[in-house]
1. State the percent of C-alpha pairs, over all pairs in the chain, separated by a distance greater than 24 angstrom.
2. Using R₀ = 25 Å, calculate the FRET efficiency as 1/(1 + (r/R₀)^6) where r is the Cβ-Cβ separation of residue 104 and residue 43; round to 0.05.
3. Among residues other than residue 72 whose Cβ falls under 13 Å from its Cβ, what is the net charge (Lys/Arg +1, Asp/Glu -1)?
Amino acid sequence: MDLFFLALADRTRLRLLSLIGEDEVCVCFFVEVLRTNQPKISRHLAYLRKAGLVSSRRQGKWMHYRITPPEETHAKRIFEQVKVLLHADPEMQRDRARLVSLCCSPKPPVQIQGAPRPARLTA
């Protein structure tokens, strides 16, 4: 449980969880939305993966992350409430709007050109 709560105790990790939502998102989108470097994003994603809150999948040169809900009943309930709070947070809403804008842009930034777009955002 310590690792679970420590994973949720960082604003950047919360922003990443919020951005993932119900999607599977490529790291390159996190870098663009959060306007930070890839090593920092990867370090936070590794922490979330170690805590069992996300899983990853490689597709060629692209790494994708999705939420993996905790199996423990109490942690799962807490995590669902955290997701509700994140959904209502203004900063998280701005992040999500920026992600949608980037995914739906006819001319995305060079760094994400060719990157697989989150399916639910483009559907």
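1. Details: 1624 of 7503 pairs.
When every Cα pair of the chain is considered, 22 percent fall beyond 24 Å.
2. On the way: r = 29 Å, r/R0 = 1.14.
Taking R0 as 25 Å, the efficiency between residue 104 and residue 43 is 0.30.
3. Residues close to residue 72 contribute a combined charge of -1.
Every number here is computed from the coordinates shown, using simple stated rules; none is lab data. Worth saying up front: this structure is predicted, and the values here are computed from it rather than measured. Virtual Cβ from ideal backbone geometry, glycine too; neighbours counted across all protein chains shown.
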